[in-house]
Amino acid sequence: MREAREEIYEVFAQSDRGEPHAHVGSLLARDADFALCLAKELFCRRGEAVSLWVVPRGSVSSTSLTDDELLGASERTYRLGEGYRVTVEKRRRLKEAHAS
Amino acid sequence: MTEEQRLAAFEGRLARGERIEADDWMPETYRRQCLRLILTHANSELMGALPEREWVPRAPGFHRKLAVLAKVQDEIGHAQLIYRVAEDLARPLGMSRETMIEDLAAGRAKFHNVFSYPAPTWADVGIIAWLVDGAALVTQGALLKTSYGPYARILRRICAEEAIHLKHGEDIVLTLMGGTAGQRQMLQEALERWWEPILHFFGPPDEVSPNTEQMIRWGIRLKSNEAMRQEFLQHYAPKILEIGLVPPDPDLSYDEVSRTWHYTQPDWDVFWQVVKGDGPKTKERLALRRLSQEEQAWVRRAVLGKRDVA
Amino acid sequence: MSAHPFVLTLLTALGDDEFVIGHRDSEWCAFAPMIEEDVAFASIAQDEMGHARLYYELAASLGGPSADELAFSRAPDAFRNAVLVERQNADWGYTVARHLAYDTYDDLLTGSLLDSSLHPLADIAALVRREERYHLEHQRIWARELAFGTDESRARIQVGLARTLAEAAGLFETLEWHREAKAEGLLPQLPEELLDPFVKAMGEIMTLFGMMTPPLSPEGGLGGRSGHHSEDLVTAAATWQEVYRLDPEATW
């Protein structure tokens, strides 16, 4: 006789081949194959996905709110496209200088 | 951080339009108000399935039988999504889905008035799917921007599915209206039965309680009852009238000046009676729910283990 | 392929099994043991009725009545489903057991229909098998859950299986029109030829889940294929035909 238990499973669905799996919700089930069996009808009964993942909630580690301030913080304009707006200006000046 | 600082930070987040997530710090009142709103919704989806599922075994023809079954399936699916959100939000309060449904079945929890009314004919199925779901779509659409993240996210899916239900309901209505004299009469009578409950659905006009004010300030709910009732009438009254159905309100009319719909106020005493648990079908349906919970408890015990299972 | 009576009878019988069990499945809607399962089982119900419609529509295309007429207008004694599938729902243990048996039978049946000389029928069988794979998996998981759950759940699935196998023989009843269909290649295997593989398959599942294999009564649940049904079908049909019969000429 196995120990009956209930777990929350997080469900991730891939809408189309090549797309990432996105979180679509959670469900209660006893184990992974039961969770997959149920997830198919709960989250894919209109054929919205080509692939499903189920993960026990306990297996998901996450950052906390204060971490998100840390995750987004610093001044790193060299990593962003907008850090290079000045480049357009440099080109314009050089072009002008060369033409004259 | 002091409690005051936490509250200020929390309200700052709301002011910036940020969503609150399940594990975030939130004032106790915010948690409880969200939970009350969300639970009423979950309970309503579960109770709403009952009048409609009576017609699954009797639906005329393959197309309708499959469509009604799929619709009720969606409602149960919505209940699943919403109870999950409620459970996560209620974790610090020690509530589980099992206890929430027990509360509902015992008559201790609230659900929308409309699901306490009988659905005696096939035409009621059409009216419910078109107009009751239409009303729900107005109130749920108004909640899409709710500040509580997990609820906002599932509402997107729920609203998308309700939109399909509307089409299904409208199709039944139009088919009956374009059918035999008997079918048209069945439909007219169903509309007359549901008119007042649907107007009631949005809640009393200009009901400004401290609770509502707080919920609007915190972005839990965003529109007033009357605003939503007007939105419903704007959209559906013309569609009802143009096919020859006659709502049981001779004073129903559009005022070009105020750009609002005039209607006879429904009896609000009846509304409060129903909401407090005394609707025509309330006790019977709650008893059905209780019976089902009890009869199937052995399955949940076997599969899910001891988790407050009766 | 001309529409010999045995062709229409075969297709109708195939549809009747699916329609009736689908109807029984749909009666669990909003009352299933777990909310998640309610949603999943409603899909199974829709699948079965969808399969019924496919078989019926093929019959219609060969000169038979429409799918709606077949399901919603015929008197109970015109139905050719096995008695097993018309039985009233009892507890969840019976539902799981009955569906497990039915899906096991259906797997064997549609497997053989893939070689039918009636190509549209082979196509339907292929489509049905895609969905039935999920049904069988679903039923196996539930049989496992109940068998390994609590003493009570184990007892209930055992009782469900006993009741099911007491009437399963009706699925394998072989009549003259089955033989005619086989002679024409429509039905590669007679129902009675599926009995041994069925018993074997059920035995394997039960061994896997540590359950006792109840006996299959050879005389149990017979009569459905020739229109001899129980009161259960009479009351069920009266219900599902109720609105349609208000005005069969009307569009609903």
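Any read-out appearing in this document is the output of simple, stated calculations on the displayed coordinates, not a laboratory observation. Quantities reported herein were computed from a predicted structural model and do not represent experimental measurements. All Cβ positions, glycine included, derive from the backbone under ideal geometry; neighbour counts span all protein chains shown.
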Quiz prompt | Residues satisfying the stated conditions in the range B:37-57, i.e. over 13 Å from the mean Cα position of the chain (by Cα), more than 8 Å from chain C (Cβ to nearest Cβ) and in a helix (DSSP H, G or I) | solution = B:51, B:52
Self-check item: residue B:289, sole failed condition from (1) without any contact (Cβ under 8 Å) to a residue 24 or more places away in the chain; (2) within 26 Å of residue B:49 (Cα to Cα)
Solution: (1)
Exercise. Please determine, by comparing only the residues of the range C:106-165 that are touching a helix residue (DSSP H, G or I) at 6+ places or on another chain (Cβ under 6 Å) and polar (S, T, N, Q), which one is surrounded by the most Cβ atoms within 10 Å (Cβ to Cβ).
Key: C:164
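State yes or no: is residue B:60 more than 19 Å from residue B:115 (Cβ to Cβ) and more than 13 Å from every other protein chain (Cβ to nearest Cβ)?
For residue B:60, the condition - more than 19 Å from residue B:115 (Cβ to Cβ) and more than 13 Å from every other protein chain (Cβ to nearest Cβ) - is not met.
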Quiz prompt | Criterion (among the small types (Gly, Ala, Ser), away from every other protein chain (no Cβ under 14 Å) and surrounded by 19 or more Cβ atoms within 10 Å (Cβ to Cβ)) met by exactly one of C:185, C:203, C:221, C:227 | solution = C:221
Exercise. Out of the residues in the range B:215-263 that are polar (S, T, N, Q) and over 23 Å from the mean Cα position of the chain (by Cα), state the one that is surrounded by the fewest Cβ atoms within 10 Å (Cβ to Cβ).
Key: B:258
Self-check item: Selection status of residue B:3, within 11 Å of chain C (Cβ to nearest Cβ), of a type outside the set (Ser, Thr, Tyr) and out of contact with any Lys or Arg (no Cβ under 9 Å at 6 or more places or on another chain)
Solution: no
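To keep it simple, each residue is scored yes or no on (1) within 14 Å of chain C (Cβ to nearest Cβ); (2) farther than 28 Å from residue B:74 by Cα; (3) touching a residue at least 40 places away in the same chain (Cβ under 8 Å); (4) not charged (D, E, K, R).
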residue	(1), (2), (3), (4)
B:181	yes, yes, no, yes
B:195	no, no, yes, yes
B:206	no, yes, no, no
B:211	no, yes, yes, yes
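Wholly within the range C:63-175, which helices (runs of 4 or more DSSP H) include no fewer than the required count, namely at least 3 residues that are closer than 29 Å to residue B:64 by Cα and within 14 Å of another protein chain (Cβ to nearest Cβ)?
Counting at least 3 such residues, we get C:67-73, C:92-113, C:119-147.
Does residue C:11 fit the bill of being within 29 Å of residue C:200 (Cα to Cα) and either away from every other protein chain (no Cβ under 14 Å) or outside any loop (DSSP other than H, G, I, E, B) (or both)?
For residue C:11, the condition - within 29 Å of residue C:200 (Cα to Cα) and either away from every other protein chain (no Cβ under 14 Å) or outside any loop (DSSP other than H, G, I, E, B) (or both) - is met.
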